[in-house]
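One structure is given here, and the rest of the page talks about it.
Only the coordinates and a few stated rules stand behind these numbers; no lab work does. Given the structure is predicted, the values throughout are model-derived calculations rather than measurements. Please note: Cβ atoms are built from the backbone with ideal geometry, for glycine as well, and neighbour counts cover all protein chains shown.
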Amino acid sequence: MTAVLLAQAPLIEAPPIDYAAIAPMLIVLGGACVSVLAEAFLPRHQRWPVQVSLTLVVLACAGITLGVYAGGNPAGLTTLGDTLAVDRPTLFLWGTLLFLGLGSVLVMADRSVEPGGAFLATAVSRARAAVGGGSGGGPGGTVGPEDRDYGRPGEAPTMQTEIFPFALFALGGMMVFCAANDLLTMFIALEVLSLPLYIMCGLGRRRRLLSQEAAVKYFLLGAFASAFFLYGLALLYGYAGSVRLTAIAEAAAGSDRSDALLFGGLALLVVGLMFKGSVAPFHTWTPDVYQGAPTPVTAFMATCTKVAAFGAIMRVLFVAFGSTRWEWRGVLWAIAIVSMVVGAVLGLTQTDIKRMIAYSSIAHAGFLLLGAMTITEAGTAGTLFYLLAYGFTTLAVFAVISLVRTADGEAGHLSQWAGLARRSPLLAAVMTFLLLALAGIPLTSGFTAKFAVFSAALEDGMAPLVVIALVASAIAAFYYVRVIVLMYFSDPAPDGPTVTVPGAFTTVAITLGVLITLLLGIVPSLALDWAGGGTFVG
């Protein structure tokens with residue numbers, strides 16, 4: 001009887017898979033699995049060279065594979081049962097993620113800035129158990145027991161290497177996230193990229209309580225944002241009968257049913273997506289997590305996570321909700337205005353350098369949203385270029401921040417940056433150039449990126465938003481200039497700041513960020529041409 005039933009059952013065919021198209025993503029996720037095995041079976045003294053080499057090789061192989069595939073000028077396609085879309089924007093986003101991931105991994109791997117690296121094996125503070133408690137060292141505060149590195153007597157601090165498989169899994173999740181062609185795949189990718197980040201935020205070797213607090217805040221708020229996303233997914237499935245973006249678009253364009261589920265689902269979906277992009281008013285995690293996480297992890301989050309988040313935002317708006325743009329556009333106008341104003345105004349009140357850059361990222365998220373909601377080819381190209389330019393500038397900024405130190409660790413308080421130009425003229429000049437790029441000064445990538453996004457928004461009838469964006473940019477320029485004035489026109493404190501000589505990895509990351517920031521400001525046409533010339537497919 002069983003044999004008869006099996007014979008009568010319809011055959012289920014495996015979906016066709018274009019392995020060449022998704023090879024970069026498979027290499028990163030496969031490398032993450034190998035990295036876990038290396039962490040489990042290698043002796044501790046062999047892990048650091050093996051993990052660093054493995055991670056760099058994985059990223060290099062993924063980048064080469066991506067370059068070979070993209071060099072053939074392939075047409076956009078969907079694969080894996082239409083769950084992933086590989087088109088020109090996807091290839092650009094993947095390339096950006098791989099390059100930014102490479103720079104972030106270099107900063108993570110450096111052992112010369114902090115002896116033993118910036119990470120602990122676990123978020124549990126062994127210092128508190130050994131000493132019996134103690135108060136934490138806040139920004140600019142005194143050093144408590146949990147700020148010190150308690151190893152075995154006479155033993156040099158060791159570099160904890162769990163961070164490398166976490167980074168690869170997060171990067172693989174980001175690549176899936178911005179290529180997902182259905183909301184369920186997007187949600188799974190959201191969790192794959194988020195869970196490693198939650199852990200990475202809590203692994204700070206110094207100021208451990210601040211690091212652990214950042215991880216808890218990020219986890220709790222991220223869980224709420226994921227719940228909003230999942231509830232929005234459920235409402236959209238109830239409306240369209242499918243979670244595929246193209247099916248949602250077809251239902252929205254040709255249905256006479258009530259739109260309550262459609263726009264209710266979109267509203268909840270936007271909460272989850274904007275949370276990952278640090279867009280106000282869904283930004284409340286950003287300042288605390290940027291400040292508390294280890295600086296290499298902050299660099300990774302500030303660059304790669306924003307690229308993945310806005311890649312997903314553009315895909316959802318273009319593919320699923322392009323035909324209903326006039327219904328939701330007013331809401332996104334309001335969100336963009338709030339993000340620009342919050343980032344520009346509240347950034348003026350910050351006294352911690354990493355919190356200031358966090359509010360800067362919130363303002364930039366508002367600028368990015370202008371391009372993301374234009375639903376035009378120029379808007380897509382401008383937004384993709386902006387993500388590339390902003391990512392490399394911010395990566396170099398955080399790499400520089402990790403080098404400026406006091407006796408208590410990193411010089412977090414702005415007052416501790418006073419007189420940096422007298423201690424290290426080169427580092428002060430690099431930081432000045434990067435801050436001017438974030439402000440959008442000509443001959444930097446920041447100016448070209450803002451010009452591209454604002455021009456696309458003007459062509460699409462968003463002149464009032466562009467005016468607000470220009471005013472917000474002018475306000476935000478003040479807190480960038482404030483740091484420059486402190487570095488050049490203030491006297492240094494007797495005990496600082498000191499500048500740690502960067503290792504080869506950090507030097508390469510900073511050099512890469514500065515060169516790309518300069519090149520994209522002078523000759524942006526190559527990147528702009530690559531970013532344009534293609535649309536999202538579904």
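Full extension of the segment from S242 to R422, taken as 0.36 nm per residue of separation minus the current Cα-Cα distance, would add 58.6 nm.
Name the shape class, rounded, prolate or oblate, that the alpha-carbon gyration tensor gives for the stretch 414-531, where a ≥ b ≥ c are the square roots of its eigenvalues, rounded holds for a/c under 1.5, and otherwise prolate holds if a/b is larger than b/c and oblate otherwise. Provide the component values of the computation, followed by the final result.
On the way: a/c = 3.76, a/b = 1.62, b/c = 2.32.
It is oblate, given that a/c is not under 1.5 and a/b is not larger than b/c.
Between helix 163-179 and the chain there is an angle of about 30 degrees, using the helix long axis and the longest principal axis of the Cα atoms. The long axis of helix 463-489 is offset from the longest Cα principal axis of the chain by roughly 20 degrees. Ordering V508, V345 from the fewest to the most neighbouring beta carbons within 10 Å gives V345, V508. Think of the chain as a dipole: +1 on every Lys or Arg Cβ, -1 on every Asp or Glu Cβ, centred on the Cα centre; then among A23, F164, A85, F164 lies furthest on the positive end. Sorted on the mean count of surrounding Cβ atoms within 10 Å across their residues, most packed first, peptides 469-476, 22-29 read 22-29, 469-476. Nearest 10 degrees, 0 to 90: what angle lies between the long axis of helix 44-71 and the longest principal axis of the chain (Cα atoms)? Rounded to the nearest ten degrees, it is 40.
If a/c stays under 1.5 just call it rounded; otherwise compare a/b with b/c (prolate if a/b is bigger, oblate if not). Do that for the stretch 204-283, with a ≥ b ≥ c from the square roots of the Cα gyration tensor eigenvalues. Prolate, since a/c reaches 1.5 and a/b exceeds b/c.
Net length available on complete extension from D259 to F451 is 65.5 nm, with 0.36 nm assigned per residue and the Cα-Cα distance removed. Couplings 3J(HN,Hα) of the stretch 358-365, computed from phi: 4, 5, 4, 5, 5, 5, 5, 4 Hz, in residue order, whole Hz [Karplus 6.51 cos²θ - 1.76 cosθ + 1.60, θ = phi - 60°; x for Gly and Pro].
Specify whether the C-alpha gyration tensor of the stretch 491-538 places it in the rounded, prolate or oblate class, a ≥ b ≥ c being the square roots of the eigenvalues: rounded for a/c under 1.5, otherwise prolate if a/b is larger than b/c and oblate if not. In terms of gyration-tensor shape, prolate. Packing here is the average count of other Cβ atoms within 10 Å per residue, and on that basis the peptides 52-63, 96-107, highest first, run 96-107, 52-63. Dipole size of the chain about its Cα centre, with +1 on Lys/Arg Cβ and -1 on Asp/Glu Cβ: approximately 1080 debye, rounded to the nearest 20. The trypsin sites (Lys or Arg not before Pro) found in the stretch 226-314 that occupy coil by DSSP, while having at most 12 further C-beta atoms within 10 Å, are R257. The calculated FRET efficiency for S415 paired with F478, based on their beta-carbon distance and R0 = 22 Å, is about 0.80. At an R0 of 41 angstrom, the distance between the Cβ atoms of E459 and L184 translates into a FRET efficiency of 0.75.
Within the chain, the longest run free of GluC sites (Glu not before Pro) that sit in a DSSP loop with at most 12 other Cβ atoms within 10 Å is 156-538.
If one computes P(r) from the Cα atoms of the chain, what percent of pairs lie at distances over 39 Å? Pairs farther apart than 39 Å: 24 percent. Scalar couplings 3J(HN,Hα) for the stretch 381-398, obtained by applying the Karplus form with A = 6.51, B = -1.76, C = 1.60 to θ = phi - 60°, are 4, x, 5, 5, 5, 4, 4, 5, 5, 4, x, 6, 5, 5, 4, 5, 4, 5 Hz; x denotes Gly and Pro. For the stretch 77-84, the Karplus equation 6.51 cos²θ - 1.76 cosθ + 1.60, evaluated at θ = phi - 60°, returns couplings of 8, 10, 8, 6, x, 6, 8, 10 Hz by residue, with Gly and Pro reported as x. A straight chain from V68 to V523 at 0.36 nm per residue would run longer than the Cα-Cα distance by 161.5 nm.
The calculated FRET efficiency for I441 paired with D491, based on their beta-carbon distance and R0 = 30 Å, is about 0.70. The label-point distance for R44 and L56, in a model that sets each label 7 Å from Cα toward Cβ, rounds to 2.5 nm.
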